[in-house]
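Colleague: The structure follows.
Laboratory data are not the source of any read-out in this text; all were calculated from the coordinates shown. These numbers come from a predicted model, not from an experiment. Reconstructed Cβ throughout: ideal geometry from the backbone, glycine too, with neighbour counts over all protein chains shown.
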Amino acid sequence: MERKTYTGKVLKTKMKRAQKEYFSWNKKIYSLALQEEIDITRTGWEHIAKGKERSREEILNRIDNLPKAKKLIEIINVFQRHVIQYTKSGKVDFWELRGVIGGVNISVVIRQIEKMPKHFFSLVYKGVSPEIKK
């Protein structure tokens, strides 16, 4: 899929819209796979929009697919992977949910630090899913 090249101003406008949508998710989403509510936090937004050094294309893929991430969290009933890391802050758990929503393959990461609530942490665009031929 070919992506348009956006100017800084257009990217900024798209990011503002995506941020508004992200924070309109009522602070929590129920995850069927984890059987509990997942917090929607600024940490997740910062990781998607500003984390590491992301290319414009990568940022656009992430923010364009935020609505799909929400839907994936709500409907996927099994997580694909659970990873535990130990850091200076203590134990950190990551759960990965994968799926195809609207023909797009995405991966969503839920994180929990120590005994804090689980929260939406990241969205990774994995590309357009190939059509299934009948």
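Colleague: Amide H neighbours of residue 118 under 5 Å, counting only residues 5+ apart in sequence or on other chains, H built in-plane at 1.01 Å?
Modeller: So residue 118 has HN proximity to 39.
Colleague: Which ³J(HN,Hα) values, rounded to whole Hz and listed in residue order, are derived for the stretch 59-76 from phi using the Karplus coefficients 6.51, -1.76 and 1.60 in 6.51 cos²θ - 1.76 cosθ + 1.60 with θ = phi - 60°, glycine and proline given as x?
Modeller: 3J(HN,Hα) across the stretch 59-76, in whole Hz: 4, 4, 4, 5, 6, 5, 9, 4, x, 5, 4, 4, 4, 4, 4, 6, 10, 6.
Colleague: Then there is this: Hey, which aspartates and glutamates would be in cross-link range of residue 14, C-alpha to C-alpha under 12 Å, not counting anything within fewer than 8 residues on its own chain?
Modeller: 64
Colleague: Rank these for me by crowding, 22, 125, going from fewest to most other beta carbons within 10 Å.
Modeller: By the 10 Å Cβ count, ascending: 125, 22.
Colleague: Sticking with this one: In nm, to one decimal, how far is the modelled label at residue 49 from the one at residue 14, with both set 7 Å along Cα→Cβ?
Modeller: Label at residue 49, label at residue 14, 1.4 nm between them.
Colleague: With a cut-off of at most 10 other beta carbons within 10 Å, and DSSP calling the residue loop, which trypsin sites (Lys or Arg not before Pro) in the stretch 67-131 qualify? Please list them.
Modeller: Filter output for the stretch 67-131: 88, 115.
Colleague: Between the DSSP loop rule and a limit of at most 11 other Cβ atoms within 10 Å, which GluC sites (Glu not before Pro) in the stretch 50-134 are left?
Modeller: Answer in residue order: 53, 114, 131.
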